[in-house]
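Have a look at the structure below before the remarks.
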Amino acid sequence: MQSVLGTWDAEGGDGAIVIEPTPGPLLGVDFSRGLPGLDDLSTFVHPDDLAGLRRAVLDLLGGRSKAMIVEFRVRHADGHWIWIEASGRVKGNKLSGVWTDISARMASLARKDEAVSRVHQFAAAASHDLIGPLRHIAMYGDLLLEDFGTGATQEKRQMLVTMAEKARQLQVLTKRLIAFSTGTAAPEFRAVPLDETVRDVSQMLADPLEQSKAKLSWGDLPTVTGDPVLIEKVFANLIANALEWAGGHSPEIQISASTAGSNAVILVADNGTGIDPRYATRIFDAFWSVPKQTGEKGAGLGLSVCKSILHALEGDIRLRSSSREDGSVFEITLPLNR
């Protein structure tokens with residue numbers, strides 16, 4: 001929540017600031033003798049925000065910009081800091097605009113950042129604990145395969161081979177997620193053929209795709225630059241979401257791509273229940289999931305993880321379109337491999 005507190009004006013000549021109504025009650029300071037000028041902002045503006053505030057005001061006065069929106073902290077008489085957003089524009093040789101108390105919004109963002117940090121720490125710890133069991137699953141699968149020798153049927157041997165391979169794939173993904181969530185290692189940037197990535201994901205999700213009678217199709221997909229393991233995770237999350245929100249009928253998921261300058265633009269379209277436009281950006285927030293009619297809530301991390309991964313890979317994701325009739329289309333951008 002935020003509230004407009006009043007208006008402000010700054011003269012280009014002497015730098016005097018006029019604020020209506022007076023900010024004295026908000027700051028707990030007596031300004032009956034007048035407000036400080038631009039050169040005296042350090043008396044109540046946070047030192048980390050001072051340079052940015054001065055630069056924004058002087059750029060306006062100097063004609064280097066036509067408007068500004070700047071956020072900064074001001075010190076209350078009792079020592080605590082209040083977040084202010086000042087927006088304004090040039091009128092002749094004078095600046096004028098409004099100032100707003102955004103303390104509640106900034107506190108909410110700080111709580112969200114703290115929560116995300118805790119999730120990263122938890123993900124790192126949980127992922128670390130998974131590595132040992134996964135290693136043993138792969139090892140025992142190999143041992144069973146050796147013990148059975150030719151005595152096992154081809155079907156049973158293939159099941160053991162698949163089990164060991166999946167365990168090793170999860171080991172690689174887990175190690176990469178540990179490094180990604182803790183920031184101890186940067187993503188690996190190399191050529192990633194997306195057709196191979198989607199093919200691997202379709203094999204990894206073969207059982208849920210078959211159980212839901214889903215149709216997954218893709219056309220010619222480009223080769224991008226990024227981390228193959230993390231990009232695979234993005235597509236796996238999006239396809240899994242499409243299966244979850246199929247709406248009771250057979251899911252149809254289509255992946256297509258085009259280019260825009262130096263980027264690949266990949267569309268992941270489904271015929272599911274769609275997403276309310278009100279949630280178009282919120283679906284990418286950590287710990288938030290679209291409300292279901294059953295009242296059941298998901299973890300709210302799938303799309304958030306996708307966005308974090310893609311940002312780390314110099315890409316992005318957004319909900320391009322969505323409706324109950326036509327389903328949803330997610331748009332991914334990633335750098336093309338040159």
Looking only at region 65-81, decide whether some residue is under 19 Å from Phe44 (Cβ atoms), touching a His at 6+ places or on another chain (Cβ under 6 Å) and not aromatic (Phe, Trp, Tyr).
-> yes
Report yes if some residue within region 109-131 is open to solvent by 70 Å² or more (accessible area, probe 1.4 Å), within 23 Å of Gly52 (Cα to Cα) and modelled with pLDDT under 85; otherwise report no.
-> yes
For region 220-238, does any single residue satisfy the condition of being closer than 19 Å to Asn271 by Cα, touching a Pro at 6+ places or on another chain (Cβ under 8 Å) and modelled with pLDDT under 95?
-> no
Checking Leu50 against (1) modelled with pLDDT under 85; (2) out of contact with any Asp or Glu (no Cβ under 9 Å at 6 or more places or on another chain); (3) part of a helix (DSSP H, G or I), which test does it fail?
-> (1)
What number goes with the only condition from (1) modelled with pLDDT of 70 or more; (2) open to solvent by 30 Å² or more (accessible area, probe 1.4 Å); (3) hydroxyl-bearing (Ser, Thr, Tyr) that Ser96 does not pass?
-> (2)
Residue by residue through region 249-272, note down the ones that are open to solvent by 20 Å² or more (accessible area, probe 1.4 Å), part of a loop (DSSP other than H, G, I, E, B) and in contact with a Ser or Thr (Cβ under 9 Å, 6 or more places away or on another chain).
-> Ser250, Asn271
Considering only region 202-228, state which residues are open to solvent by 50 Å² or more (accessible area, probe 1.4 Å), in contact with a Ser or Thr (Cβ under 8 Å, 6 or more places away or on another chain) and in a strand (DSSP E or B).
-> Lys215, Trp218
Residue hits (region 84-110; of a type outside the set (Asp, Glu), closer than 21 Å to Phe44 by Cα and either more than 30 Å from the chain's Cα centre (by Cα) or assigned to a strand (DSSP E or B) (or both)) are Ile84, Ala86, Ser87, Gly88, Leu95, Ser96, Gly97, Val98, Trp99, Thr100
Please find, among Arg168, Arg199, Arg176, the residue that is part of a helix (DSSP H, G or I), open to solvent by 70 Å² or more (accessible area, probe 1.4 Å) and modelled with pLDDT under 90.
-> Arg168
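The values are calculated or read from the model by the stated rules, or taken from the named source; none is laboratory data. What you see is a predicted model, and the numbers here were worked out from it, not measured in a lab. All Cβ positions, even for glycine, are placed from backbone atoms using ideal geometry, and neighbour counts span all protein chains on display. Each accessible area value is taken on the protein alone, full model and side chains, heavy atoms only, with ligands, DNA and RNA left out. Shrake-Rupley method; radii C 1.70, N 1.55, O 1.52, S 1.80 Å.
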